[in-house]
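These notes are about the structure you will find just below.
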Amino acid sequence: MAEFWRRIWILYRKDLLEEFRSMDHLWSTVVFGTMLVFVFSFAVQLADVSTRQVFPAVLWVSIFFLSVVALQRSFAKEKESAVMDALLLACGERSLLFYGKFLFSFTLLLLLEAVVVPLFWIFLDVDGAGVNLGLFAAAVLAGSWGLAAVGTLLNGITSQLPSARLLFPILAFPLLIPLLIGVVLCTQGALAGQGRSTMGWLYLVFVFDLLFTILPLVLFDYILEG
Amino acid sequence: MAQQNALEVRQLRKQLGHKQILKAVTFAAVTGELVAITGANGAGKTTLLRVIAGLARPSGGEVLWNGSSLRLDSRQAAYVSHQPILYGSLTVQENLEFFGRLYGTADPAKLQELLELVGLWLYRLEPAAVLSRGMQQRLAIARALIAEPALILYDEPFTSLDENGREILRQVLENRRPRAVQLLVTHALEHLQGLPFREIRLEEGRSVPKEAAHG
């Protein structure tokens with residue numbers, strides 16, 4: 001078991017090293033996220049609606065599109081360098097690749113959200129009074145976990161197909177509907193200062209996360225089979 | 001003395017879609033043997049290596065290593081492709097360290113020894129992407145050797161190598177002989193001149209039953 005996690009950590013570190021060495025993809029995704037903030041805040045102000053009411057939907061639509069842009073390159077380096085065979089032989093287990101990539105994707109999403117979420121909060125002028133910050137943070141963390149897990153799983157599937165960039169968002173959306181419902185309602189409840197009454201939706205998100213974290217342990221062996 | 005290992009391939013079949021790539025491949029090899037696998041384009045040579053390595057599942061037959069099924073998680077095999085499978089943005093040293101750590105062996109002295117063996121020690125801090133194709137191939141060879149594999153699979157490894165690189169690879173093949181079973185796919189047997197090897201020819205997915213010894 002320790003050896004399993006040790007190799008995952010090595011994969012994770014390597015991906016972080018590569019990402020922060022070039023920074024191109026990270027910066028372009030940050031710019032994309034910032035553009036989403038500006039476009040939505042402009043549109044919401046024009047529509048003259050309560051920002052507290054639209055904030056959950058706007059936030060999670062943006063994070064969804066951000067994750068599509070950020071995560072669909074999970075296996076890109078392995079594909080471009082044709083290094084997958086060497087990596088599989090060194091890892092010995094295909095599921096190791098999932099967990100290494102998943103951790104990297106989760107980290108990437110959190111870094112992007114650290115920029116985008118406060119910007120949305122500011123530009124949509126959300127009133128912080130009475131907000132259940134703990135529930136809000138839990139929703140963001142759990143939602144990001146689920147996005148990263150599904151994103152990595154689908155990337156593993158689509159990376160071997162010629163139309164990967166097209167297929168990834170098409171496959172991601174229906175799979176992520178339960179997660180999106182849960183996190184939007186959790187965020188809505190957090191903004192309204194709710195707690196216990198919203199926990200059911202948070203539990204739904206947790207179950208979703210658990211399912212898509214454990215499933216690849218079995219599935220990835222077949223997904224990356226040559 | 002290095003451990004004696006035995007590879008046995010029995011009636012191996014592999015189907016991809018509707019096409020039967022491998023139909024009935026049978027052969028055996030032990031530590032100390034270099035087996036050259038030859039055949040026309042599309043005969044299934046690369047597919048054979050990938051199935052033996054555990055990178056692809058066979059449709060039938062079996063691959064045995066010391067009498068037990070050879071699986072990907074046994075981590076006994078190393079693979080040298082005709083493509084230099086490396087991370088371009090990592091340096092020469094980082095590529096080797098990364099794969100070494102995955103195998104649980106990243107001794108700096110050993111990494112230096114390998115890089116000196118393939119003539120890349122002076123380039124250790126260069127990104128792999130800026131190396132010439134031949135130098136990338138040499139790094140790929142070093143990467144494959146990092147864990148002292150008991151089974152080494154070479155798929156057209158002489159591709160892109162200059163005369164110096166080909167000589168390095170011949171030295172590797174000879175140096176590894178006492179410690180590994182080596183299977184090498186090649187179109188050019190002349191590159192193995194001076195090395196003892198056995199030839200197995202694939203014809204339309206089947207191994208030719210008669211094997212000629214060379215060297």
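The values are calculated or read from the model by the stated rules, or taken from the named source; none is laboratory data. Given the structure is predicted, the values throughout are model-derived calculations rather than measurements. Note that each Cβ is placed from the backbone with ideal geometry, even for glycine, and that neighbours are counted across all protein chains shown.
With the requirement that a residue be more than 19 Å from B:Ala147 (Cα to Cα) and of a type in the set (Lys, Arg), what does region B:171-200 give you?
Within region B:171-200, the first condition is being more than 19 Å from B:Ala147 (Cα to Cα), and the residues that meet it are B:185-200.
Passing the criteria: only B:Arg198.
Considering only region A:35-56, how many residues are surrounded by 15 or more Cβ atoms within 10 Å (Cβ to Cβ) and either hydrophobic (A, V, I, L, M, F, W, C) or modelled with pLDDT of 85 or more (or both)? Before you say what the answer is, go through the steps one by one.
Restricting attention to region A:35-56, the residues satisfying the condition of being surrounded by 15 or more Cβ atoms within 10 Å (Cβ to Cβ) are A:36-37, A:40-41, A:44, A:51-52, A:54-56.
Retained after the next criterion (residues that are either hydrophobic (A, V, I, L, M, F, W, C) or modelled with pLDDT of 85 or more (or both)): A:36-37, A:40-41, A:44, A:54-56.
So the count comes out to 8.
Against the condition touching a Pro at 6+ places or on another chain (Cβ under 7 Å), within 13 Å of chain A (Cβ to nearest Cβ) and aliphatic (A, V, I, L, M), how does B:Ala106 come out, does it pass?
Considered against the rule, which asks whether it is touching a Pro at 6+ places or on another chain (Cβ under 7 Å), within 13 Å of chain A (Cβ to nearest Cβ) and aliphatic (A, V, I, L, M), B:Ala106 comes out as no.
Quick one: which residue in B:Leu96, B:Leu114, B:Leu120 is under 24 Å from B:Glu156 (Cβ atoms), touching a residue at least 12 places away in the same chain (Cβ under 8 Å) and within 12 Å of chain A (Cβ to nearest Cβ)?
B:Leu96 is the lone residue from the list that is under 24 Å from B:Glu156 (Cβ atoms), touching a residue at least 12 places away in the same chain (Cβ under 8 Å) and within 12 Å of chain A (Cβ to nearest Cβ).
Given (1) within 9 Å of chain B (Cβ to nearest Cβ); (2) under 17 Å from the mean Cα position of the chain (by Cα); (3) among the β-branched types (Val, Ile, Thr), where does A:Thr29 come up short, assuming only one miss?
Every condition holds for A:Thr29 apart from (1).
Filter region A:157-179 down to the residues that are touching a Phe, Trp or Tyr at 6+ places or on another chain (Cβ under 6 Å), modelled with pLDDT of 90 or more and surrounded by 19 or more Cβ atoms within 10 Å (Cβ to Cβ) and list them by number.
A:Leu179
In region B:167-208, which residues are of a type in the set (A, V, I, L, M), surrounded by 20 or more Cβ atoms within 10 Å (Cβ to Cβ) and not in a helix (DSSP H, G or I)?
B:Ala180, B:Val181, B:Leu183, B:Leu184, B:Val185, B:Ile200, B:Leu202, listed by residue number.
Take region A:92-109 and flag every residue that is under 17 Å from B:Arg57 (Cα atoms) and in a helix (DSSP H, G or I).
Scanning region A:92-109 gives A:Arg94, A:Ser95.
Out of all the residues in region B:16-74, which are free of Cβ contacts under 8 Å to residues at least 24 places away in the same chain, more than 14 Å from chain A (Cβ to nearest Cβ) and farther than 20 Å from B:Ala150 by Cβ?
B:His18, B:Lys19, B:Asn41, B:Gly42, listed by residue number.
Out of the residues in region A:77-116 meeting the condition of being surrounded by fewer than 19 Cβ atoms within 10 Å (Cβ to Cβ) and more than 14 Å from chain B (Cβ to nearest Cβ), tell me which one is farthest from A:Trp5 (Cα to Cα).
Among those that are surrounded by fewer than 19 Cβ atoms within 10 Å (Cβ to Cβ) and more than 14 Å from chain B (Cβ to nearest Cβ), it is A:Val115.
Please enumerate the residues belonging to region A:127-181 that are among the aromatic types (Phe, Trp, Tyr) and within 30 Å of A:Ser50 (Cα to Cα).
Taking region A:127-181 and keeping what is among the aromatic types (Phe, Trp, Tyr), we get A:136, A:145, A:168, A:173.
The answer is A:Phe136, A:Trp145, A:Phe173.
Any residue in region B:130-148 that's away from every other protein chain (no Cβ under 12 Å): show its pairings with residues that are assigned to a helix (DSSP H, G or I) and of a type in the set (Ser, Thr, Tyr) at Cβ separation under 8 Å, as long as the two are six or more apart or on different chains.
What qualifies is B:Leu131/B:Tyr123; B:Met135/B:Tyr123.
Acidic (Asp, Glu) and free of Cβ contacts under 8 Å to residues at least 40 places away in the same chain, is that true of B:Glu156?
no
Among the residues of region B:80-93 satisfying the criterion of being assigned to a loop (DSSP other than H, G, I, E, B) and over 9 Å from B:Pro127 (Cα atoms), which is farthest from the other protein chains (Cβ to nearest Cβ)?
Checked region B:80-93; the qualifying residue farthest from the other protein chains (Cβ to nearest Cβ) is B:His82.
Could you list, in sequence order, all residues of region A:86-120 that are closer than 26 Å to A:Val30 by Cβ and small (Gly, Ala, Ser)?
Correct list: A:Gly100, A:Ser105, A:Ala114.
Being surrounded by 22 or more Cβ atoms within 10 Å (Cβ to Cβ) and touching a strand residue (DSSP E or B) at 6+ places or on another chain (Cβ under 9 Å), is that true of even one residue in region B:114-134?
Looking through region B:114-134, at least one residue is surrounded by 22 or more Cβ atoms within 10 Å (Cβ to Cβ) and touching a strand residue (DSSP E or B) at 6+ places or on another chain (Cβ under 9 Å).
Give region A:55-94 a look and list any residue that's farther than 22 Å from B:Arg143 by Cα and of a type in the set (Gly, Ala, Ser), or say none. Please lay out each step first, then the result.
At the first step, the residues of region A:55-94 found to be farther than 22 Å from B:Arg143 by Cα are A:55-74.
Scanning region A:55-94 gives A:Ala57, A:Ser62, A:Ser67, A:Ala70, A:Ser74.
Here are A:Val37, A:Val58: which of them is touching a Phe, Trp or Tyr at 6+ places or on another chain (Cβ under 9 Å) and under 17 Å from A:Leu110 (Cα atoms)?
Criteria check complete, one pass: A:Val37.
May I ask you to list the residues in region B:149-166 that are in a loop (DSSP other than H, G, I, E, B), under 23 Å from B:Gly100 (Cβ atoms) and more than 10 Å from every other protein chain (Cβ to nearest Cβ)?
Taking region B:149-166 and keeping what is in a loop (DSSP other than H, G, I, E, B), we get B:149-150, B:156-162.
Still in the list and also under 23 Å from B:Gly100 (Cβ atoms): B:149-150, B:157, B:161.
Answer for region B:149-166, where residues must be in a loop (DSSP other than H, G, I, E, B), under 23 Å from B:Gly100 (Cβ atoms) and more than 10 Å from every other protein chain (Cβ to nearest Cβ): B:Ala150, B:Pro157, B:Leu161.
Does B:Gln182 fit the bill of being of a type outside the set (Lys, Arg) and at pLDDT 95 or above?
Details: of a type outside the set (Lys, Arg): yes; at pLDDT 95 or above: yes.
Yes.
In region A:57-76, which residues are surrounded by 18 or more Cβ atoms within 10 Å (Cβ to Cβ) and either over 24 Å from A:Gly182 (Cα atoms) or touching a strand residue (DSSP E or B) at 6+ places or on another chain (Cβ under 7 Å) (or both)?
Of everything in region A:57-76, those that are surrounded by 18 or more Cβ atoms within 10 Å (Cβ to Cβ) and either over 24 Å from A:Gly182 (Cα atoms) or touching a strand residue (DSSP E or B) at 6+ places or on another chain (Cβ under 7 Å) (or both) turn out to be A:Arg73, A:Ser74, A:Phe75.
Going residue by residue through region A:57-69, is there one that turns out to be in a helix (DSSP H, G or I), in contact with an Asp or Glu (Cβ under 6 Å, 6 or more places away or on another chain) and aliphatic (A, V, I, L, M)?
The answer is no, given that none of the residues of region A:57-69 is in a helix (DSSP H, G or I), in contact with an Asp or Glu (Cβ under 6 Å, 6 or more places away or on another chain) and aliphatic (A, V, I, L, M).
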